[in-house]
Each structure stands twice: as structure tokens, then as C-alpha cells.
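Engineer: This structure is in C-alpha cells; I'll ask about it shortly.
The values are calculated or read from the model by the stated rules, or taken from the named source; none is laboratory data. Predicted, not measured: the structure shown is a model, and the values here were computed from it. Positions of Cβ are backbone-derived with ideal geometry, glycine not excepted, and every protein chain shown enters the neighbour counts. Protein only, heavy atoms only, side chains kept; ligands, DNA and RNA dropped before computing areas. Shrake-Rupley method; radii C 1.70, N 1.55, O 1.52, S 1.80 Å.
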Amino acid sequence: MTHCDNAAAERSVAGLQKRFPHWWVWVSDTGTWWASRRAQLTSAEREAGAVPYLRAMSADELAALLAQQHAPLGGSS
């Protein structure tokens, strides 16, 4: 990634973390976007389809996955 790409990625990471505060968001050195829950899932949450980690190839893709994970838990994740 170039410096401009890094700056844009940092802004996207900050935006996603603000929108989904129960997740840590980062971009790996290979350009893969990741999110990890800040809290451990309960059995009921896992049974409802919640996952502890998400992986995507873009910020938009990760945002969509985060939104999907937000829904099964009644918007609390």
C-alpha cells in the first residue's frame, strides 16, 4: 500500500470502529480487512450465528459483514 492508501485505510478503520464499537478493526500487511469482537461470545450468541472474527477484502465488504453480525444479536454487537 502507498502512503495515500494507508491514510485512506486508517480513516476507514476509524469509521468502522466508530460505527461498530464492539469490534476491533484492522488491515493486515497483506491488505486483508479483519474485525474481532471486543467481548467473548456466549453460547446463545454463537447459536444465533454470531462469530468472533470477520475477514474481508475491502472496507465495504467488512462493513457489510459487520452489519450482518449486528442483526442476529438484536443490534447489540
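Engineer: Taking segment 1-48, which residues are under 14 Å from the mean Cα position of the chain (by Cα), surrounded by 11 or more Cβ atoms within 10 Å (Cβ to Cβ) and of a type in the set (S, T, N, Q)?
Structural biologist: Answer for segment 1-48, where residues must be under 14 Å from the mean Cα position of the chain (by Cα), surrounded by 11 or more Cβ atoms within 10 Å (Cβ to Cβ) and of a type in the set (S, T, N, Q): Ser12, Gln17, Thr32, Ser36.
Engineer: For segment 51-64, what are the residues that are open to solvent by less than 70 Å² (accessible area, probe 1.4 Å) and closer than 12 Å to Ser36 by Cβ?
Structural biologist: Val51, Pro52, Leu54, Leu62
Engineer: Return the pairs, sorted by first residue and then second, in which the second residue is assigned to a loop (DSSP other than H, G, I, E, B) and not aliphatic (A, V, I, L, M), the first residue lies in segment 35-57 and is in contact (Cβ under 8 Å) with a residue 24 or more places away in the chain, the beta carbons are less than 6 Å apart, and the residues are 6+ apart or on different chains.
Structural biologist: Arg37/Pro52; Ala48/Pro72; Ala50/Pro72
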